[in-house]
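The values are calculated or read from the model by the stated rules, or taken from the named source; none is laboratory data. Worth saying up front: this structure is predicted, and the values here are computed from it rather than measured. Don't worry about glycine lacking a Cβ; one is built from the backbone with ideal geometry, like all the others, and counts go over all protein chains shown.
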Amino acid sequence: MFQTLKNAWSVPEIRKKFIYTLIMIIIFRIGGAITVPFLSLAAVQEWMSSNATDGNFLEYLNILTGGQLSKATVFSLSITPYINSSIIIQLLTYALPPLERLQEEGEEGRKVLNKITAYVALLLAVFMSVAYYLTLRNSAGAVQYTSGAYGWFAAIVIIACFTAGASFVVWMGNRINDKGIGNGISILLFAGIVARFPTDLGTMWALFQMDKAKYFFWDIFILIVFIAMIVLIVFMNEAERRIPIQYAKRVVGRKQYGGQNTHIPVKICMSGVMPIIFAMSFMSLPSTISLFVKPVEVIDETTTAGQKFYYHFIEFFKTTSWGYAVLYLILIIAFNYFYVAMQYDPVTIANNLRQSNGGIPGIRPGKPTSDYIQRVLSKITLVGAIFLGFIAILPIAFGWIDGNFRSLSMGGTSILIVVSVALETARTLESQLMMRHHKGFLG
């Protein structure tokens, strides 16, 4: 990978793209240090530290934004509206025929889908900005003006800043797509998450200073586990199951076509981090509801049955609960199967093989081929789902060992995103280098 970076930097055109991408990342980080007017940074951080916990939606958003949500910056929402919009449009593509037709129209159809995604992202940014403002206004001292003309003016400025920041981040991501290296949205997500790693190292150092005898070995163990997770993620990202394909020979005129052997590559971790994001969003709903409807703190003889049920329901969905981990794992496996089922259609693959005179050795064309592909996908999907579940559950297990480790953002999801984006960018660089060093027919 480092050799790829060195070779890419030596190419002037790619070097310009590198510099452009770095400039966009620097602007992204500068925006992450500018606090929105009329907000008290100390009050926001205090409120977030006490409420963005137990796996609720605020903690989920804070992780995806690289901690900017807790700092009340211009880029507090970061790319979360765009990510949510992309997920919604992607799901609707398989449910609404007009969107499905757009996806099948090639490049022009994708451009229309991208515009629809951008509009939906803008609406979500406005909605999330209003919701975040109302949440902060109800907390003590977070918003400086809450009534009268000053209150209305402060509300408009705060909501406009959050919305404009989210829109500007999407614009920067699109500019990186056009003039930079890799996928722009993924690069900015990568930059936001990586920016929190020094804070995590500082937390581990603070724990070591607090109790050297206890946390010395724990800190080393956690670092070793995270390095092992990176190696495992790299291995699983590259791992694939190859379904052999053999094309029949056919003669057209005096020429013979076909006869070659090839394969269909099926990646083990084909769904990426999406099942974890789906499961995390679902599991964060009860804790998010508890922000608005507080459960009773003391259970005694005066507590009603409804209050007891609601209390135990909220407690079940806290990350300290073993039931949370079990349900979280089940949802990751279910969403992984759901996402793979949307991406791969064994019947379509079998029909395409039949039309091109191809087939799987030892398997008859038609339904036997689609059934065989379905069996392979089911096995591969289960392996990928267990891998994603392990990555997601491991940080929760650290929290069970010691509650101080729950504040670490270097969770499995964060590392999975960072490593996946790094590998994707490296592959993009390799393909661009190959295009520029290929000699061609006249070489």
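Out of curiosity, is Leu77 in contact (Cβ under 8 Å) with a residue 24 or more places away in the chain, outside any helix (DSSP H, G or I) and either crowded, with 21+ Cβ neighbours inside 10 Å or aromatic (Phe, Trp, Tyr) (or both)? First the steps, then the outcome.
On the way: in contact (Cβ under 8 Å) with a residue 24 or more places away in the chain: yes; outside any helix (DSSP H, G or I): yes; either crowded, with 21+ Cβ neighbours inside 10 Å or aromatic (Phe, Trp, Tyr) (or both): yes.
The answer is yes for Leu77.
Restricting the search to region 143-161, which residues are closer than 21 Å to Phe127 by Cα and in a helix (DSSP H, G or I)?
Gly151, Trp152, Phe153, Ala154, Ala155, Ile156, Val157, Ile158, Ile159, Ala160, Cys161
Determine which member of the set Ile380, Ile289 is part of a helix (DSSP H, G or I), crowded, with 16+ Cβ neighbours inside 10 Å and free of Cβ contacts under 8 Å to residues at least 40 places away in the same chain. Show your work before the answer.
On the way: Ile380 fails: free of Cβ contacts under 8 Å to residues at least 40 places away in the same chain.
None of the others qualify; the one that does is Ile289.
Please go through region 193-226 and pick out each residue that is exposed (fewer than 11 other Cβ atoms within 10 Å of the Cβ) and under 26 Å from the mean Cα position of the chain (by Cα).
Pro198, Gly202, Ile224
Cβ-Cβ under 8 Å, sequence separation 6+ or interchain: first residue in region 24-47 and at positive phi, partner part of a helix (DSSP H, G or I). Which pairs?
Short answer, once both residue conditions are applied: Phe38/Ala154; Phe38/Val157; Phe38/Ile158.
State whether one or more residues within region 169-186 are in contact with a strand residue (DSSP E or B) (Cβ under 9 Å, 6 or more places away or on another chain), modelled with pLDDT of 80 or more and not aliphatic (A, V, I, L, M).
no
Checking the condition without any contact (Cβ under 8 Å) to a residue 40 or more places away in the chain and over 26 Å from Tyr132 (Cβ atoms), which residue from Leu99, Leu92 passes? Show your work before the answer.
Numbers: Leu92 fails: over 26 Å from Tyr132 (Cβ atoms).
Exactly one residue qualifies, and that residue is Leu99.
Scanning for something under 21 Å from the mean Cα position of the chain (by Cα), over 25 Å from Met24 (Cα atoms) and of a type in the set (Ser, Thr, Tyr), does region 160-167 turn up at least one residue?
no
Every residue in region 30-45 that is more than 22 Å from Ile156 (Cβ to Cβ) and modelled with pLDDT of 85 or more, please.
Applying the first criterion (more than 22 Å from Ile156 (Cβ to Cβ)) to region 30-45 yields 30, 32-33, 42, 45.
Scanning region 30-45 gives a single hit, Ile30.
If you go through region 345-377 one residue at a time, how many are assigned to a helix (DSSP H, G or I), among the hydroxyl-bearing types (Ser, Thr, Tyr) and in contact (Cβ under 8 Å) with a residue 12 or more places away in the chain?
Let us first name the residues in region 345-377 that are assigned to a helix (DSSP H, G or I), namely 346-355, 367-377.
Then keep just the ones that are among the hydroxyl-bearing types (Ser, Thr, Tyr); that gives 348, 369-370, 372.
From what's left, in contact (Cβ under 8 Å) with a residue 12 or more places away in the chain: 369-370, 372.
Of the residues in that region, 3 qualify.
Kindly establish whether Ile386 is out of contact with any Pro (no Cβ under 8 Å at 6 or more places or on another chain), modelled with pLDDT under 85 and closer than 30 Å to Thr320 by Cβ.
On the way: out of contact with any Pro (no Cβ under 8 Å at 6 or more places or on another chain): yes; modelled with pLDDT under 85: no; closer than 30 Å to Thr320 by Cβ: yes.
Here the answer is no, as Ile386 does not meet what is asked.
Every residue in region 394-440 that is of a type in the set (S, T, N, Q), at pLDDT below 65 and either assigned to a helix (DSSP H, G or I) or closer than 14 Å to Met229 by Cα (or both), please.
Answer for region 394-440, where residues must be of a type in the set (S, T, N, Q), at pLDDT below 65 and either assigned to a helix (DSSP H, G or I) or closer than 14 Å to Met229 by Cα (or both): just Ser407.
Which count do you get for residues in region 235-248 that are under 27 Å from Pro395 (Cβ atoms), out of contact with any Leu (no Cβ under 7 Å at 6 or more places or on another chain) and at pLDDT below 85?
1
Count, please, the residues in region 313-322 that happen to be part of a helix (DSSP H, G or I) and surrounded by 13 or more Cβ atoms within 10 Å (Cβ to Cβ).
Our first condition is that a residue be part of a helix (DSSP H, G or I); within region 313-322, this holds for 313-316, 322.
Next cut, surrounded by 13 or more Cβ atoms within 10 Å (Cβ to Cβ) only: 313-316.
Count: 4.
Look at region 175-204 and say how many of its residues are free of Cβ contacts under 8 Å to residues at least 12 places away in the same chain and farther than 30 Å from Lys111 by Cα. Don't jump to the end; show me each part of the working.
Step one: list which residues in region 175-204 are free of Cβ contacts under 8 Å to residues at least 12 places away in the same chain, which gives 177-178, 198, 201-202.
Narrowing further to those that are farther than 30 Å from Lys111 by Cα: 198, 201-202.
Going through region 175-204 one residue at a time, the tally reaches 3.
Are any residues in region 292-312 in a helix (DSSP H, G or I), modelled with pLDDT of 75 or more and not small (Gly, Ala, Ser), and if so, which ones? Quick ask: steps written out before the conclusion?
Start the filter on region 292-312 by keeping residues that are in a helix (DSSP H, G or I), which leaves 292, 305-312.
Filter once more, so that each one left must be modelled with pLDDT of 75 or more: 305-312.
Gln307, Lys308, Phe309, Tyr310, Tyr311, His312, listed by residue number.
Residues are listed down the side, and each one gets a yes or a no for (1) of a type in the set (Lys, Arg); (2) under 14 Å from Leu69 (Cβ atoms); (3) in contact with a Gly (Cβ under 7 Å, 6 or more places away or on another chain):
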| position | (1), (2), (3) |
| --- | --- |
| Leu122 | no, no, no |
| Ser129 | no, yes, no |
| Leu136 | no, yes, no |
| Tyr150 | no, no, no |
| Ala155 | no, no, no |
| Ile158 | no, yes, no |
| Cys161 | no, yes, no |
| Gly173 | no, no, yes |
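Results for (1) of a type in the set (Gly, Ala, Ser); (2) more than 14 Å from Val419 (Cα to Cα); (3) assigned to a helix (DSSP H, G or I), shown as yes or no for each residue.
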| site | (1), (2), (3) |
| --- | --- |
| Gly173 | yes, yes, yes |
| Ile176 | no, yes, yes |
| Ile181 | no, yes, no |
| Ile187 | no, no, yes |
| Thr199 | no, yes, yes |
| Ala206 | yes, yes, yes |
| Phe216 | no, yes, yes |
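Being surrounded by 15 or more Cβ atoms within 10 Å (Cβ to Cβ) and not polar (S, T, N, Q) is the filter here, so list the residues in region 348-370 that pass it.
Start the filter on region 348-370 by keeping residues that are surrounded by 15 or more Cβ atoms within 10 Å (Cβ to Cβ), which leaves 349-351, 353, 357-360, 363, 365, 369-370.
Scanning region 348-370 gives Ile349, Ala350, Leu353, Gly358, Gly359, Ile360, Ile363, Pro365.
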